[in-house]
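Before any comments, here is the structure.
The values are calculated or read from the model by the stated rules, or taken from the named source; none is laboratory data. The model shown is predicted, which means the values in this text are computed figures rather than measured ones. Here Cβ is always computed from backbone atoms with ideal geometry, including for glycine, and neighbour counts include all displayed protein chains.
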Amino acid sequence: MSELLVLLSEPWHLPFMRRAFAVAAIVGLVCGVVGVYVVLRGMAFIGDAVAHSAFPGVALAYAFEGNLLLGGATAGIATAVLIAFVSQNRRLKEDTVIGVFFAFAFGLGIVLVSTRDSWTTDLSSFLFGQVLAVDDADILRVACIGAVLVAVLLALRKELVAVTLDRETARAAGLPVLPLDLTLYVVVTATIVMSLEAVGNILVLALLITPAATARLLTERLWAMTLLASVFGCAGSLAGLYVSYAYDLAAGGSVVVVLTALFTVVWLGAPRHGLVARLRPRRRSRNPGSGSGPGPAPAPAPAPVGGAGTGA
């Protein structure tokens, strides 16, 4: 027990680990909340596309010695806006449009990078994450951006859910579908760019999708799914940093591995939608009676509490 307490407390004595924990917790929480809408919308592919579309902006900023995150944000938001506009054409499905811009952006990034003779630590940290190198200004920036993004989603949650569930019905009801699409795309883009310093361009999709997918297996309610996803994202990010510290592993990769392990456990053991729960009724149906014959038919299930005629 004493060794466990030492392991849990030791990283907090190091200033760079305290800063890493703070950024990881904020990023995990915000990604969990935003990821709920991404998962419900079935637009996980856009997370990957936007993450990669930020690449040419970063490469261009690097070539001109500008701010890498600002360059990535500009390119990502521009790509997200283009996807939202082109996706309004009903002849093309959303994933098709995303695929077109995804391939173009990544190809453009490769071309821009090929014009440079060498890679530097700044550009590689954008790809693979550098959470252990953040400073106090990074924490403040991530916290402010994250607070704004969560506030926007909470303010528009009903409209975004309506568009997510049925776009045509939402349009017929008078909801501004295109502005809502643009808002969601920009929020996703800002979340991805904000998270790049924690896990990098390559692994950011896991932080955005995996906590929300894990929560989706446990509940049908939006508020519960949002709460669980934020908790999973925050706790998984912190646990990943502990694993990274204890075994001297890459921080971003450790966070993703921990989140995926949590998803696997829930996928297996979720009370209603887990693999074990889905296999259990089949086993009962094979032996409904105690004898060797087929046994009597099961009695009808009682009416649910609060049904018709109960006065509830």
Go through Pro298, Pro281 for me and flag whichever is over 37 Å from the mean Cα position of the chain (by Cα) and at pLDDT below 95.
Pro298
Here are some conditions: (1) at positive phi; (2) in a helix (DSSP H, G or I); (3) without any contact (Cβ under 8 Å) to a residue 24 or more places away in the chain. Gly200 meets all but one. Which one does it not meet?
(3)
What do you reckon, is Leu153 of a type outside the set (Lys, Arg), at pLDDT 90 or above and out of contact with any strand residue (DSSP E or B) (no Cβ under 9 Å at 6 or more places or on another chain)?
yes
Being closer than 30 Å to Val148 by Cα, touching a helix residue (DSSP H, G or I) at 6+ places or on another chain (Cβ under 6 Å), without any contact (Cβ under 8 Å) to a residue 24 or more places away in the chain and surrounded by 22 or more Cβ atoms within 10 Å (Cβ to Cβ) is the requirement here; does Gly71 meet it?
yes
If you go through region 1-44 one residue at a time, how many are β-branched (Val, Ile, Thr), over 30 Å from Gly99 (Cβ atoms) and in contact with a helix residue (DSSP H, G or I) (Cβ under 9 Å, 6 or more places away or on another chain)?
2
Can you confirm whether region 96-106 contains a residue that is in contact with a helix residue (DSSP H, G or I) (Cβ under 9 Å, 6 or more places away or on another chain), hydroxyl-bearing (Ser, Thr, Tyr) and farther than 29 Å from Leu154 by Cβ?
no
Quick check on my filter: what residues within region 1-48 are among the aromatic types (Phe, Trp, Tyr) and surrounded by fewer than 15 Cβ atoms within 10 Å (Cβ to Cβ)?
Trp12, Phe16
Exactly one of (1) crowded, with 22+ Cβ neighbours inside 10 Å; (2) not in a helix (DSSP H, G or I) is unmet by Leu249. Its number?
(1)
Does Ile110 qualify as being within 26 Å of Gly252 (Cα to Cα), outside any loop (DSSP other than H, G, I, E, B) and either polar (S, T, N, Q) or modelled with pLDDT under 85 (or both)?
yes
Go through region 130-169 residue by residue and tally those that are of a type outside the set (A, V, I, L, M, F, W, C), touching an Asp or Glu at 6+ places or on another chain (Cβ under 7 Å) and not in a helix (DSSP H, G or I).
1
Right, Leu165: modelled with pLDDT under 90 and farther than 20 Å from Val36 by Cβ or not?
no
Take Gly76 and decide whether it is touching a Cys at 6+ places or on another chain (Cβ under 6 Å) and touching a residue at least 24 places away in the same chain (Cβ under 8 Å).
no
